[in-house]
1. Being among the hydrophobic types (A, V, I, L, M, F, W, C) and assigned to a helix (DSSP H, G or I) is the filter here, so list the residues in segment 72-94 that pass it.
2. Which of the residues belonging to segment 13-57 are at pLDDT below 80 and among the β-branched types (Val, Ile, Thr)?
3. Sort through Gly87, Gly116, Gly67, Gly94 and tell me the only one that's within 23 Å of the chain's Cα centre (by Cα), of a type in the set (Gly, Ala, Ser) and surrounded by fewer than 11 Cβ atoms within 10 Å (Cβ to Cβ).
4. So Val10 clears everything in (1) at pLDDT below 85; (2) under 19 Å from Glu128 (Cα atoms) except one condition, right? Which one?
5. Among the numbered conditions (1) crowded, with 16+ Cβ neighbours inside 10 Å; (2) of a type in the set (Gly, Ala, Ser); (3) out of contact with any strand residue (DSSP E or B) (no Cβ under 6 Å at 6 or more places or on another chain), tell me where Ala50 comes up short.
6. Out of Ile105, Ile70, which single residue is on the phi < 0 side of the Ramachandran plot and modelled with pLDDT under 90?
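The values are calculated or read from the model by the stated rules, or taken from the named source; none is laboratory data. Model, not experiment: these values are computed from the prediction. FYI the Cβ positions are ideal-geometry reconstructions off the backbone, even for glycines, and counts take in every protein chain you see.
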Amino acid sequence: MADLIKIIIVAVAFFAVGYLFAWLKIRKERKEAVKDSRGITRGNINGELAPLLPNFPGKLSEARQMGKPIDFLVFKGMDEGNIQEIGFVEVKTGKSDLTGNERKIRDIILDAKEKGGKVRWDVYRPDEEVAKNLKS
């Protein structure tokens, strides 16, 4: 009987330790998910407001938001009724980098520009621009 009680105690202890480790892992994953979500939300907000921020590569009235796969198209000269160039603007925050598709689009645009096309590629980092203006 005493051996059975020892086995039950050891089994319960193993179960409790396993449960604790699983709970800690889930808690850590949840914290990371919230952190990632905040970064994505911040990036989306910056993407929406980018044309209003300093040094945006184009005029607000000539910028059109696309969202995916490129954040903005800027039609230079549209206000005057004479579009001279189309700018592709990707908004990035923090240390985020271009996705695979964004890199491919950038390369196609840069190749067209080399061949005389009237296109432009810009990566705009609003957090860096705002920080520069706050220091001034």
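1. Taking segment 72-94 first, the residues among the hydrophobic types (A, V, I, L, M, F, W, C) are 72-75, 78, 83, 86, 88-89, 91.
Answer for segment 72-94, where residues must be among the hydrophobic types (A, V, I, L, M, F, W, C) and assigned to a helix (DSSP H, G or I): just Met78.
2. Val34, Ile40, Thr41, Ile45
3. Details: Gly87 fails: surrounded by fewer than 11 Cβ atoms within 10 Å (Cβ to Cβ); Gly116 fails: within 23 Å of the chain's Cα centre (by Cα); Gly94 fails: surrounded by fewer than 11 Cβ atoms within 10 Å (Cβ to Cβ).
After ruling out the rest, the residue left standing is Gly67.
4. (2)
5. The one condition Ala50 does not meet is (3).
6. Details: Ile105 fails: modelled with pLDDT under 90.
Exactly one residue qualifies, and that residue is Ile70.
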